[in-house]
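Asker: A single structure is presented below for examination.
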Amino acid sequence: MSNAPILEVRDLRVEYDTPRGPVGAVDGVNLDVLPGEFVGVVGESGCGKSTMLFAIAQLLSPPASIAGGSVVFKGQSMVGMTEKTLAALRWRDYSVVMQSAMNALNPVTSIGAQFRDVLRAHGSKEDIPQRSAEVMRLVGIDPVHLKSYPHQLSGGMRQRAMIAMALLFTPDLVIMDEPTSALDVVAQRSLMVQIKELQQQLGFAVIFVTHDMSLVSHFSEQLLVMYAGKVVEIGKTRSVFDTPAHPYSRGLLDAFPSIRGPRVELLGIPGSPPDLAKPPTGCRFHPRCPVVMPECSTVEPELYQVENARSRCLRSSPGFAVRTEAPQPSEGVIA
Amino acid sequence: MTVDPSVPLIETRGLSRHFKIGGGFSRRTLHAVDDADIVIYRKEIVALAGESGSGKSTVARLLARVYKPTSGEILYQGRSLADITSRKESLAYRSDVPMVFQDPFSSLNPAYRVSHGIMRGLKLHRTELTAAQRLEEAERVVEAVGLTPAADILWRYPHELSGGQRQRIGFAQALAYRPKLILADEPVSMLDVSIRIGLLNVMAKMREEEGVSFLYITHDLASARYVADRLMVMYAGNVVESGPMEDILARPKHPYTQLLLDTVPDPRAPLSVTSETDRGEPPKVIDPTPGCRFRFRCPVVVDECHQVTPTLRLLGPDHTAACHVATADLPDDAAH
């Protein structure tokens, strides 16, 4: 396995065209995905995480469009690529698993027929029934269900079938948009373990988007925390979990009640994400930040290096520790 | 009605609900809930946990009188619901035991301002109020669920509110009836993780300040632990374990409870990805034969499980489980 990234995203910006002018949903995202790597992307609803995935997969449709930056996948620039060239890459080199399998599968055709469509449309030379059965076995569903219609399967099985479909051509990159959000915890857990196992077995890279940070804690290598269209923290998953540098990451982490340890009152993150049409000045998180400082509303922070991660917070800036004796912010969200 | 605190607010005895499935000549029945004994006291938050398809929502609908029980009875403040027949009394029960739904995006009428649902409830259930008092009360409940400024929020349309705000409106609607027990059917599972805690805190506050009991239906044991006093675990239509929250978490008796506990993601816990993950799903219970319904997924199954249906046994103080294999607490453990 070489160490050159298979996906390089540079300064990616996506805008939605609205009657009130363009709204920036994704603003200057940089991301490298190595072969076989599991990248988690977390953030609240409306932070631009799904839009970013769609931009990477070249699935944006008006009013959304890529306003700048580049997406290079296996050495090819994806931005501005024609549909015809994209069709050769889709499913074969990268595939997308959509958010709710309930809606993503066609309710009036059988699972097998949908697999067949994909294989035919992308010119498979293989024996179609055999390959379909193979991927079904991979995800732990009995191939007899190729004859089943989506409503005959449980939610967990439908979601697995979606993943099986994404693996028909054994792509190098699988992009997953909250594949587990419609499932209960037991099905969620078993699906996560399954994805991880398949990934180790087949060696594809995963970009996994979720609003539930705890879900990726044990599965991803790299973690990207997004807020209001910007990356606020990026780094090794373990390091972000153990020592979250950005107050937003810390807030997300502290939003979970724990099943062990003392029962503490939690506050979550009060307030809601900003309107992207008129984002706050300075740091976009400052109106909700528990450790806000006066300069946060005027100075726009960059991504500063802190140990194994980079954080977009003025408190992480190299000059900050020198200027002031830092107050301990870690208690800010626990009452 | 005089209130005797020793009488449970709501109690079910052998509550069952079966559904006929298949075509007109089919004799097959789906056992959604079988023989459930549920007790909820005043000012108590009881969590009902289980996977999709375990029958927990059916329990809520039975308690809300959406379904009639196939057998068994529901006692509300000591009185059987089957005896409540007059419109006046049914209305009174509905306002005492309202429901909050899972999906805040489809449970509010998008064509009306959010005040509409709250005001209608007040008009129907609290006829003593004048129009001005109704408005005042609507503002009070909206503020009670943490939405300010209430006067402004009331005149908005649902699409102008975020998911968390809409779900708060759902709670405000229920609160407007001066309820005794709110049936909350997965009220936070559709919301972002960062918003959930806020709603759970609203539930805790409503219990504290308004004295409301809750039946909190969820599949997430961590959130159940955060708000609830007692826990009931359902599997395939049966209550398999019931007891004080902390007690069950510390000493789970039923292997299914153990399985649920193991699946809770805990970012603070050290990394441990075991391949020994359960891949099963709860069965659809159609015309069941005797035997434990969990036996096909159970890691500690014994012969007896295939022949005899386990019943709830007392295995610790106030802690019951329906399992042949589970053992009671040691005497010194159970002493207090």
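The values are calculated or read from the model by the stated rules, or taken from the named source; none is laboratory data. These figures come from a predicted structure and were not determined experimentally. When we count neighbours, we look across all protein chains shown, and the Cβ atoms used for this are built from the backbone with ideal geometry, even at glycine.
Asker: On the basis of being surrounded by fewer than 18 Cβ atoms within 10 Å (Cβ to Cβ), charged (D, E, K, R), in contact with a helix residue (DSSP H, G or I) (Cβ under 8 Å, 6 or more places away or on another chain) and closer than 21 Å to B:Ser213 by Cα, does B:Glu73 make the cut? So that I can check it myself, show each step before the final result.
Answerer: On the way: surrounded by fewer than 18 Cβ atoms within 10 Å (Cβ to Cβ): yes; charged (D, E, K, R): yes; in contact with a helix residue (DSSP H, G or I) (Cβ under 8 Å, 6 or more places away or on another chain): yes; closer than 21 Å to B:Ser213 by Cα: yes.
When the stated conditions are applied, B:Glu73 passes them.
Asker: Can you pull out the helices (runs of 4 or more DSSP H) entirely within segment B:60-165 that have at least 1 residues that are under 30 Å from B:Ala32 (Cβ atoms) and of a type in the set (Asp, Glu)?
Answerer: Values: elements: B:87-96, B:114-125, B:131-144, B:150-153.
Answer list for segment B:60-165: B:87-96.
Asker: Which condition number does A:Leu223 fail, the rest of (1) at pLDDT below 90; (2) out of contact with any Asp or Glu (no Cβ under 7 Å at 6 or more places or on another chain); (3) within 14 Å of another protein chain (Cβ to nearest Cβ); (4) surrounded by 21 or more Cβ atoms within 10 Å (Cβ to Cβ) being met?
Answerer: (1)
Asker: In addition: Answer yes or no: is there a residue in segment A:245-252 that is within 17 Å of A:Cys296 (Cα to Cα), of a type in the set (A, V, I, L, M, F, W, C) and in contact with a Lys or Arg (Cβ under 6 Å, 6 or more places away or on another chain).
Answerer: no
Asker: Hey, another quick one. From the list B:Arg225, B:Arg207, exactly one residue is in contact with a strand residue (DSSP E or B) (Cβ under 7 Å, 6 or more places away or on another chain) and modelled with pLDDT of 90 or more. Which is it?
Answerer: Values: B:Arg225 fails: in contact with a strand residue (DSSP E or B) (Cβ under 7 Å, 6 or more places away or on another chain).
After applying the criteria, what remains is B:Arg207.
Asker: So B:Val114 clears everything in (1) modelled with pLDDT of 90 or more; (2) farther than 30 Å from A:Gly251 by Cβ except one condition, right? Which one?
Answerer: B:Val114 satisfies every listed condition except (2).
Asker: Tally the residues that are of a type outside the set (Val, Ile, Thr) and in a loop (DSSP other than H, G, I, E, B), restricting the search to segment B:183-211. Walk me through how you get there before you give the answer.
Answerer: Kept after step one, since they are of a type outside the set (Val, Ile, Thr), are these residues of segment B:183-211: B:183-187, B:189-192, B:194, B:196, B:198-201, B:203-211.
Now drop any that are not in a loop (DSSP other than H, G, I, E, B), which leaves B:186-187, B:189-192, B:211.
Selection size over segment B:183-211: 7.
Residue-wise test of (1) closer than 16 Å to A:Val97 by Cα; (2) without any contact (Cβ under 8 Å) to a residue 40 or more places away in the chain; (3) surrounded by fewer than 23 Cβ atoms within 10 Å (Cβ to Cβ); (4) more than 10 Å from every other protein chain (Cβ to nearest Cβ).
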{"site": "A:Ala187", "(1), (2), (3), (4)": "no, yes, no, no"}
{"site": "A:Leu198", "(1), (2), (3), (4)": "yes, no, yes, yes"}
{"site": "A:Gly203", "(1), (2), (3), (4)": "no, no, yes, yes"}
{"site": "A:Phe208", "(1), (2), (3), (4)": "yes, no, no, yes"}
{"site": "A:Phe219", "(1), (2), (3), (4)": "no, no, yes, no"}
{"site": "A:Ala228", "(1), (2), (3), (4)": "no, no, no, yes"}
{"site": "A:Val231", "(1), (2), (3), (4)": "no, no, no, yes"}
{"site": "A:Phe241", "(1), (2), (3), (4)": "no, yes, yes, no"}
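Asker: Scan segment A:245-258 and give yes if some residue there is within 10 Å of another protein chain (Cβ to nearest Cβ), surrounded by fewer than 20 Cβ atoms within 10 Å (Cβ to Cβ), outside any helix (DSSP H, G or I) and not aliphatic (A, V, I, L, M), otherwise no.
Answerer: Looking through segment A:245-258, at least one residue is within 10 Å of another protein chain (Cβ to nearest Cβ), surrounded by fewer than 20 Cβ atoms within 10 Å (Cβ to Cβ), outside any helix (DSSP H, G or I) and not aliphatic (A, V, I, L, M).
Asker: Based on this model, can you work out whether B:Pro179 counts as more than 10 Å from chain A (Cβ to nearest Cβ), under 13 Å from the mean Cα position of the chain (by Cα) and in a loop (DSSP other than H, G, I, E, B)?
Answerer: Details: more than 10 Å from chain A (Cβ to nearest Cβ): yes; under 13 Å from the mean Cα position of the chain (by Cα): no; in a loop (DSSP other than H, G, I, E, B): yes.
Taking the combined requirement at face value, the residue does not satisfy it.
Asker: Give segment A:262-290 a look and list any residue that's among the small types (Gly, Ala, Ser) and within 11 Å of chain B (Cβ to nearest Cβ), or say none.
Answerer: First pass over segment A:262-290, keeping only residues among the small types (Gly, Ala, Ser): A:268, A:271-272, A:277, A:282.
Residues satisfying the conditions are A:Gly268, A:Gly271, A:Ser272.
Asker: May I ask you to list the residues in segment A:270-295 that are part of a loop (DSSP other than H, G, I, E, B), surrounded by fewer than 17 Cβ atoms within 10 Å (Cβ to Cβ) and charged (D, E, K, R)?
Answerer: A:Asp275, A:Lys278
Asker: Based on what the data block shows, is A:Ala182 of a type in the set (A, V, I, L, M, F, W, C), within 14 Å of another protein chain (Cβ to nearest Cβ), surrounded by fewer than 23 Cβ atoms within 10 Å (Cβ to Cβ) and over 30 Å from A:Leu303 (Cα atoms)?
Answerer: On the way: of a type in the set (A, V, I, L, M, F, W, C): yes; within 14 Å of another protein chain (Cβ to nearest Cβ): yes; surrounded by fewer than 23 Cβ atoms within 10 Å (Cβ to Cβ): yes; over 30 Å from A:Leu303 (Cα atoms): yes.
Here the answer is yes, as A:Ala182 does meet what is asked.
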